[in-house]
Amino acid sequence: MNPLAQQLNETLERDNANVYAMLSKLGREIYFPKVGILSQSAEAKAKAKKFNATIGIAIENGQPMHLNVIQDTLSAYDPKDLYEYAPPAGKPELRTAWRAKMMKENPSVEGKGFGNPIVTNALTHGLSIVADLFADAGDAVIIPNKNWENYELTFGVRRGAEIVEYDLYNSSNRFNSEGLREALLAQKGKGKAIVILNFPNNPTGYTPGPQEGDEIVAVIKEAADAGINVVAVTDDAYFGLFFEDSVHESLFGKLAGLHERVLAVKVDGATKEEYVWGFRVGFITYASPSEAILASLEQKTLGIIRSTISSGPHPSQTFVLRALQSPEFETQKAEKYDIMKRRANKVKELLDSGRYGDVWEYYPFNSGYFMCLKLTKVSAEAVRQRLLSEYGIGTIALGETDLRVAFSCIEEGDLEELYDTIFKAVQEQLNA
């Protein structure tokens with residue numbers, strides 16, 4: 001094993017042996033080279049005042065070489081903020097700005113120990129880093145039965161982990177904390193579990209209420225008290241889009257510092273929060289009262305980044321930073337939130353109107369981009385196919401009964417036609 005990896009492991013084992021035990025084989029072996037091209041280039045950038053011949057970019061007239069056909073469309077930005085490589089951990093100013101935003105929007109992190117957000121190539125990359133660092137073959141990854149299918153690829157196919165599902169809703173159509181509890185305590189023999197908490201949930205658009213949030217935290221603490229090391233991951237892809245009386249914070253704040261056997265990891269990003277899906281700017285943040293543990297986990301994360309994508313795209317990081325620093329940012333974001341909330345409210349108004357009879361139910365939703373219909377009489381896939389072929393309408397069929405509808409991408413004035421047409425397709429399928 002490389003001495004740098006060994007040193008990081010010794011730090012983790014000394015400060016919290018439980019966190020060290022959470023690491024996968026790759027997680028234990030990975031490290032960020034301190035003596036290499038990047039470290040020497042960083043040293044030269046600080047000290048080489050005459051000539052810097054260290055890194056593989058081209059310089060012309062004292063700035064990064066570029067084509068005018070590109071720069072002409074980006075003239076508001078300095079070439080140094082576009083064309084140079086971003087650091088593997090991300091643009092420092094962006095990391096600082098995102099941390100400040102996180103603290104403002106999540107008051108429960110106040111007084112908790114957590115690291116500086118590390119920039120990822122959006123949320124999938126952040127989750128992939130979690131999988132690489134903590135998931136080995138056979139490890140349990142606990143998710144609800146209404147989930148984003150990429151978890152299976154990221155943790156199951158890529159890392160060989162065992163996907164353990166529990167029902168998202170209980171009999172009262174609230175978050176099924178007891179189901180989570182049973183799934184988690186069942187891992188006592190393994191002594192380790194990765195729990196993914198995705199709120200607002202994809203595909204249902206559900207976020208727990210405050211009491212349910214406390215129940216989730218209590219369940220994870222109970223598992224830790226029982227001797228289970230828990231990597232508690234908040235997948236906050238749709239953070240901020242809370243339309244009703246749900247929790248309006250990430251559970252990361254309450255999970256941070258909860259127990260020595262709980263490692264809270266927050267994966268979030270500008271992707272959905274700031275409506276910049278193609279920019280691919282995400283973040284991963286670790287919580288620990290130990291600065292040494294945070295530094296060690298950051299170094300291992302940088303090792304994963306260096307060995308996969310090297311660093312994230314610089315231009316999109318600059319664009320997001322500029323937005324966060326703009327005095328218009330909060331106002332413009334509030335305007336978009338209002339549009340999304342009106343769409344969600346319109347969907348509920350339609351579904352609660354009684355006009356669609358008993359051909360479907362809908363799963364509780366109060367946030368995010370999506371909602372799910374539960375078709376009671378026909379196959380979701382058959383309806384999806386009919387909508388597509390007969391009406392040119394795209395939806396997502398999940399299993400036998402569930403049809404996911406992204407109201408986020410439908411104008412408010414078109415929602416009535418959309419749901420009326422879905423109803424029509426269901427009726428036609430019933431009579432087929």
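Please state which of the following conditions S24 fails to meet, knowing it meets all the rest: (1) at pLDDT below 95; (2) within 28 Å of G269 (Cα to Cα); (3) hydroxyl-bearing (S, T, Y).
(1)
Enumerate the pairs (first residue in region 70-81 and surrounded by 10 or more Cβ atoms within 10 Å (Cβ to Cβ); second residue anywhere and of a type in the set (A, V, I, L, M, F, W, C)) with beta-carbon separation below 7 Å, excluding pairs fewer than 6 apart on the same chain, so at least 6 apart or on different chains.
L74/L82
Restricting region 91-125 to residues that are of a type in the set (V, I, T) and assigned to a helix (DSSP H, G or I), which is surrounded by the fewest Cβ atoms within 10 Å (Cβ to Cβ)?
T96
Could you look through region 193-222, keep only residues that are aliphatic (A, V, I, L, M) and in contact with a Lys or Arg (Cβ under 8 Å, 6 or more places away or on another chain), and pick out the one that is surrounded by the most Cβ atoms within 10 Å (Cβ to Cβ)?
Per the stated criteria, the residue is V219.
Anything in region 213-268 that is in a loop (DSSP other than H, G, I, E, B), under 15 Å from the mean Cα position of the chain (by Cα) and of a type in the set (G, A, S)? List them, or say none.
Of everything in region 213-268, those that are in a loop (DSSP other than H, G, I, E, B), under 15 Å from the mean Cα position of the chain (by Cα) and of a type in the set (G, A, S) turn out to be A237, G240, S250.
Checking L297 against (1) out of contact with any Asp or Glu (no Cβ under 6 Å at 6 or more places or on another chain); (2) surrounded by fewer than 19 Cβ atoms within 10 Å (Cβ to Cβ); (3) not hydroxyl-bearing (S, T, Y), which single condition isn't satisfied?
(2) is the only condition that L297 fails.
Out of (1) surrounded by fewer than 14 Cβ atoms within 10 Å (Cβ to Cβ); (2) over 30 Å from G138 (Cα atoms), the odd one out for I55 is which?
(1)
Just for strands (runs of 3 or more DSSP E) wholly inside region 318-432: which have at least 2 residues that are among the aliphatic types (A, V, I, L, M) and closer than 28 Å to N170 by Cβ?
Strands (runs of 3 or more DSSP E) meeting the threshold: 370-375, 396-398, 402-406.
Count, please, the residues in region 197-235 that happen to be without any contact (Cβ under 8 Å) to a residue 60 or more places away in the chain and closer than 17 Å to Y151 by Cβ.
Residues meeting the conditions: 5.
Kindly evaluate E178 against the criterion of being among the acidic types (D, E) and at pLDDT 95 or above.
Spelling it out, E178 is indeed among the acidic types (D, E) and at pLDDT 95 or above.
For (1) acidic (D, E); (2) surrounded by 12 or more Cβ atoms within 10 Å (Cβ to Cβ); (3) part of a helix (DSSP H, G or I), each residue gets a yes or a no:
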{"residue": "L4", "(1), (2), (3)": "no, yes, yes"}
{"residue": "L8", "(1), (2), (3)": "no, yes, yes"}
{"residue": "L26", "(1), (2), (3)": "no, yes, yes"}
{"residue": "A46", "(1), (2), (3)": "no, no, yes"}
{"residue": "K49", "(1), (2), (3)": "no, no, no"}
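Would you confirm whether or not region 164-172 contains a residue that is surrounded by fewer than 20 Cβ atoms within 10 Å (Cβ to Cβ), assigned to a helix (DSSP H, G or I) and among the charged types (D, E, K, R)?
No, there is no match, as no residue in region 164-172 is surrounded by fewer than 20 Cβ atoms within 10 Å (Cβ to Cβ), assigned to a helix (DSSP H, G or I) and among the charged types (D, E, K, R).
Okay, residues lined up against (1) surrounded by 18 or more Cβ atoms within 10 Å (Cβ to Cβ); (2) closer than 30 Å to E10 by Cα:
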position	(1), (2)
Y286	yes, yes
S311	yes, yes
Q317	yes, no
T331	no, no
I339	no, no
N345	no, no
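For region 133-144, give me the residue count where each residue is surrounded by 24 or more Cβ atoms within 10 Å (Cβ to Cβ) and of a type outside the set (A, V, I, L, M).
Qualifying residue count for the region: 1.
The values are calculated or read from the model by the stated rules, or taken from the named source; none is laboratory data. Keep in mind that this is a model prediction, so the values were computed, not measured. As a convention, Cβ positions derive from the backbone with ideal geometry for all residues, glycine included, and neighbour counts pool all protein chains shown.
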